[in-house]
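Can you read through this structure? Questions will come right after.
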Amino acid sequence: MLKGIDPLLNADLLYALRAMGHGDDIVIADAHFPSETMATRRLIRMDAANGPRVLEAILSVMPLDDFVPDPALRIEVVGDEQSVPEVCAEYARQVDRATAGAVQLGQIERFAFYERSKKAFAVVATGETRLYGCILLKKGVIRPDS
């Protein structure tokens, strides 16, 4: 056990988050996502947790990149890019809370999301069963105190 660390952050996920560099991507994937296929570098299984809970744990320790316009992206709904599934609304609220409103959850076309996922530092496979429950995060930096 570690003090101040979300207990959902297991050793594999903590290692990946710590090893990632500025600008590296991590994917939180729902149970429908082809995680085994897309995780060309590392796959972390968290099948007992849902997507929003995993996102909450990750954002408790990882900053989002503030050098890019969209450091948090969700898959857009095929054929209806204006639709926002409830799981994605939950992601948006979590991103907003973690960044004090500095980051808006963006969206990306499904196959573009897949291509980014293949290049991601890690894919975290969750037990999220709601459709479109996938999100891609770009790691930022922690600036020294001024």
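What follows is calculated from the coordinates using simple rules that are stated; it is not laboratory data. Just so it is clear, the model here is predicted, and its values are computed rather than measured. Every residue, glycine as well, gets a Cβ built from its backbone with ideal geometry; the counts of neighbours run over all protein chains shown.
Tell me which lysines have Cα within less than 20 Å of LYS139's Cα, excluding those fewer than 8 residues away on the same chain?
Within the straight-line limit of under 20 Å, LYS139 reaches these lysines: LYS118, LYS119.
For volume of the Cα convex hull per residue in Å³, the listed values are (1) 111; (2) 119; (3) 151; which was obtained by calculation from the structure presented?
Entry (1).
Now for a different question. Would you work out which of ALA92, PHE121, ALA19 lies farthest towards the positive end of the dipole of region 11-138? Charges go on Cβ: Lys and Arg +1, Asp and Glu -1.
Looking along the dipole axis, the top candidate is ALA19.
Hey, another quick one. List the aspartates and glutamates whose Cα lies under 12 Å from the Cα of LYS138, skipping any in the same chain that are fewer than 8 positions away.
ASP24, ASP25, ASP65, ASP66, ASP70
May I ask you to compute the full-extension gain from LYS118 to ALA19, defined as 0.36 nm times their residue separation minus their alpha-carbon distance, rounded to one decimal in nm?
Numbers: separation 99, 0.36 × 99 = 35.64 nm, distance 1.77 nm.
Separation in residues times 0.36 nm, less the Cα-Cα distance, equals 33.9 nm.
Name the longest site-free stretch of the chain, where the excluded sites are GluC sites (Glu not before Pro) in a DSSP loop with no more than 13 other beta-carbon atoms within 10 Å. Can you show the working numbers first?
Values: sites that count: GLU81, GLU109.
In short, 1-80.
I need the chymotrypsin sites (Phe, Trp or Tyr not before Pro) found in region 1-98, filtered to DSSP loop residues with at most 16 other beta carbons within 10 Å of theirs.
Values: sites: TYR15, PHE67, TYR91; in loops: PHE67.
Those satisfying the criteria are PHE67.
To the nearest 20 debye, what is the magnitude of the charge dipole of the chain about its Cα centre, counting +1 on the Cβ of each Lys and Arg and -1 on the Cβ of each Asp and Glu? Kindly include the intermediate steps, with their values, before the conclusion.
Details: 17 positive and 21 negative charges, 98 e Å.
Here the chain has a charge dipole of around 480 debye.
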